[in-house]
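Before any comments, here is the structure.
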Amino acid sequence: MLNRILRISLLILLSGISLRAADVQGTVVVQHKLTKSRVTPTASMYERGVSISLGSDQEHDPLAYERTHVVIYLEGDSANDEVSGELGQKDRRFSPDLVVVPMGSTVSFPNYDPIFHDVFSLSNAKSFDLGNYAQAHSRSITFPKPGIIFVNCHLHSNMSAVIVVTPNRWSTKADAAGHFTLPNVPPGKYTIVAWHKTAGFFRKTIQVTATGHDPIEFAIPLDEEGRVQQASR
Amino acid sequence: MKMRFATRAFIWSFVPFAIMLAGGFWFVQQRVQSTVRTGMRSSLLDAHVSMDRMRAQSELQNSRLLQIVGENPSLKAGLQLVISEPKSKAARLTLEDQLREIAETLHFDLLLVSNSNNTPMAGILRVDDQLVTVDIAGWKPPQKGLFSFGGVAYQLNSFPIDVNDENVGTLSIGERFDLTQFTTPTVLSRLGKVLRSNVPNASPAEVESALGACGEQVECETKIAGESYLTLVSDSTELGDGYVLRSLQSVDSVSGPLHSVLRHVFFVASFLALLSAAAISLLSSRSVAGPIATLVQRLRESEATGLLPDFQTDAATIHEIRELTETFNRAANAVREGRDNLQQAYLEFIGSLASTLDARDNYTAGHSRRVSEYSCMIAEAMNITGEELEVVRMGALLHDIGKIGIIDNVLRKPAKLTREEMALLQQHPSIGRRILEGVRGFQAYLPIVELHHENWDGTGYPLHLPDVTVPMCARIVHVADAYDAMTSARPYRSALSHETAIQELKRCAGSQFDPEIVRVATGTDVVDHLHRHTREAAPTPRLISIIK
């Protein structure tokens, strides 16, 4: 408890001297494809009389997909960092399918489809059911606690999205190349976390100074059979 | 109709044999074929039934699988949404979208959701491989069975959608009903009318009339387009509403190859049997007709030779044939006897003719007989035998027959004849010829009678023929006649001695006589005989016996 108070006060102090803060940068390396996406619809679906033909996965670089679905954040609390997020429903999918918001943020769930959706979650961090609502309607939910929230649709069992509610504003998704930047991190000792839906959590301790930090690389390792191995640290 | 006995015997033994054999083989073949057919039929039926059972099994599996589709929670939620928002187009679109997704994944051709009142709520259909939503207004598809829409038949199955043990609606799943899914020929009919058929080489009308004969029978055998089919009403596929699905199996296509093998075997067997029957018939007809044919052959030979030999009766072991032979022999004996009698009578007739002639002139008594004897001697010495010798003998006997037509004044004139009388006498060969011409069987003697006064140098009478143009027999008789004339006494001269006569013959050889004949006639053998004969006047009966 004492430790926590100390850390919070340290953070407040550091935020006050933000000029001395540094960007935390690193790389995510994914060795194997982790998500098996089957097919994606290629045509607009809801025009009456037009049937859907199914195409194959258009993803050119499956590893890039994996890398963009890795969430990076620093552990530790921070106040007043709430933002507004959006998790829309389009073409019978959640768009985007991964939303990262600091805790206390509000996420809206607008329906862009001509059909009904019924968005719900049963996750511990926040469970909700928005009920049926049609096109041009939206519902919003505020997430006061950090955590991983899996979102589904009652009407469409294959719709799935994840909302990652992080403890503070230092959170991001890696880009296609696996690079990430957490801007303006005050110097100090942090635990940096990488999370992937399939691979789980990977943690590293970093020392951030005004001049920077040791290079960070998250290798999401896999054993020979393709199973994810937990990071050694 | 004329026919050889052997042929007749062959036909009478072979034809019934062949008919019996062919009939027997045909019967056996028919029996075997029908047995095979029955066996085939029952095994076909078994296969048919088990196939149907398998289909039923798979239908059951299928329906279990489809039940799971009905338990789809998303679909339930969708149905509930539509029920709760009946006017919302978006709600219906949501449900249709769900149905489309199911159809996409599970490849159904028709999906329909109805509410608990059986009112259709949403439906999608596969048209040209594209899933389209359909206007469900007015749809009343059956819960189960065939449903026709837009000219396409769908086989429907329905499953309740329950929420909290409360029925909220029905999911109907349809698959395109197509006969191509059946491995055997199949016919879909409704109330006796054929709707679809994939029986090869048969029009639906033919199939309809053929199946019409089956009526309500579940299992039935019928003929379509000349081929036998075993049909069975499929009870695995419940079509309802009077639809009947009959699967067919061609009996011919199964038993056909076996039948053709059987036919082949029976054909070869019956061919061999007929061949052996023909051989046996041939042998038996030969054994029956053979002795008769031999008999006939021998009769024909004896007809050709004119001889009537005694046939051996022991050779024929068959009773009837032996009897026939014996009868023939008896007949032949009778004929022979008759012929001998005739011969006898004929000889006696000639003999008496000759005697008549001789009797007219004392001086020439026995002349004909002697000339005949001498001629025979010469002929024998010249190696003339058989028929020819007989001709010489008879001809010589008759050679002066024409003298019958010469008046007694000339013939019996005791003095030398005048020129006119000589001319009359010289007509006797021509007269003789005229007399004998009319007598049948005397043709052979005519040259002797007519030409026995022709000379070697052509100075003779009546035709003045020279040397070899005169037949040999006539030339012989000429020599013999001259010898006897010389050695016989005449009213105007006494008989010349044998030696003088021989001398005279030799002298006239080459002019009056054939030198060769004279050489033979004056040869030691003949001369001795002649000499001996001139001494004895042979009596008539003895002469006949010699001739004979």
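Note on region B:127-163: among residues that are under 23 Å from B:GLU71 (Cβ atoms) and within 14 Å of chain A (Cβ to nearest Cβ), the one that is surrounded by the most Cβ atoms within 10 Å (Cβ to Cβ) is B:LEU131.
Screening A:GLN135 on (1) more than 11 Å from chain B (Cβ to nearest Cβ); (2) within 25 Å of B:LEU79 (Cβ to Cβ) shows it passes everything except condition (1). If you go through region A:105-123 and pick out every residue that is within 16 Å of A:SER95 (Cβ to Cβ), buried (at least 19 other Cβ atoms within 10 Å of the Cβ) and within 14 Å of another protein chain (Cβ to nearest Cβ), you end up with 5.
Where helices (runs of 4 or more DSSP H) fall wholly inside region B:359-477, the ranges with 2 or more residues that are under 60 Å from the mean Cα position of the chain (by Cα), farther than 23 Å from B:CYS508 by Cβ and not small (Gly, Ala, Ser) are B:386-398, B:428-437. The set of residues in region A:124-134 being out of contact with any helix residue (DSSP H, G or I) (no Cβ under 6 Å at 6 or more places or on another chain) and either exposed (fewer than 15 other Cβ atoms within 10 Å of the Cβ) or closer than 19 Å to B:LEU93 by Cα (or both) consists of A:ASN124, A:SER127, A:ASP129, A:GLY131, A:TYR133. Cβ-Cβ distances below 6 Å connect the following pairs, each with a first residue in region B:29-47 that is within 11 Å of B:VAL251 (Cβ to Cβ), a second residue that is not in a helix (DSSP H, G or I), and a separation of six or more residues or different chains: B:LEU44/B:LEU230; B:LEU44/B:GLN249. Contact map, region B:343-360: first residue within 13 Å of B:ILE404 (Cα to Cα), second residue in a helix (DSSP H, G or I) and among the charged types (D, E, K, R), Cβ cut-off under 7 Å, separation 6 or more or different chains; pairs are B:ALA354/B:ARG369; B:LEU357/B:LYS403. The criterion of being modelled with pLDDT of 80 or more, over 19 Å from B:ARG41 (Cα atoms) and buried (at least 17 other Cβ atoms within 10 Å of the Cβ) holds for B:VAL207. Contact annotation: residue pairs with Cβ atoms under 8 Å, 6 or more positions apart or on different chains, pairing a residue in region B:383-394 that is closer than 13 Å to B:GLU373 by Cβ with a partner that is among the small types (Gly, Ala, Ser) and at pLDDT below 85, are B:MET394/B:ALA444. Of all residues in region B:27-43, one or more are in contact with a Phe, Trp or Tyr (Cβ under 6 Å, 6 or more places away or on another chain), over 24 Å from B:PHE149 (Cα atoms) and away from chain A (no Cβ under 14 Å). Residues that are within 13 Å of B:SER158 (Cα to Cα) and among the small types (Gly, Ala, Ser) were ranked within region B:50-89; the one that is nearest to the other protein chains (Cβ to nearest Cβ) is B:GLY70. Taking every residue in region A:187-215 that is closer than 25 Å to A:VAL99 by Cβ and pairing it with any residue that is part of a strand (DSSP E or B) and of a type in the set (Lys, Arg), at least 6 positions away or on another chain, the pairs with Cβ-Cβ distances below 7 Å are A:THR191/A:ARG203; A:ILE192/A:LYS204; A:VAL193/A:ARG203.
Restricting attention to region A:169-198, the residues that are surrounded by fewer than 19 Cβ atoms within 10 Å (Cβ to Cβ) and not in a strand (DSSP E or B) total 6. When every residue of region B:102-123 is checked against the conditions, at least one turns out to be on the phi > 0 side of the Ramachandran plot, more than 60 Å from the chain's Cα centre (by Cα) and either surrounded by fewer than 22 Cβ atoms within 10 Å (Cβ to Cβ) or not hydroxyl-bearing (Ser, Thr, Tyr) (or both).
The values are calculated or read from the model by the stated rules, or taken from the named source; none is laboratory data. Remember, predicted model here, so these are calculated numbers, not experimental data. Every residue, glycine as well, gets a Cβ built from its backbone with ideal geometry; the counts of neighbours run over all protein chains shown.
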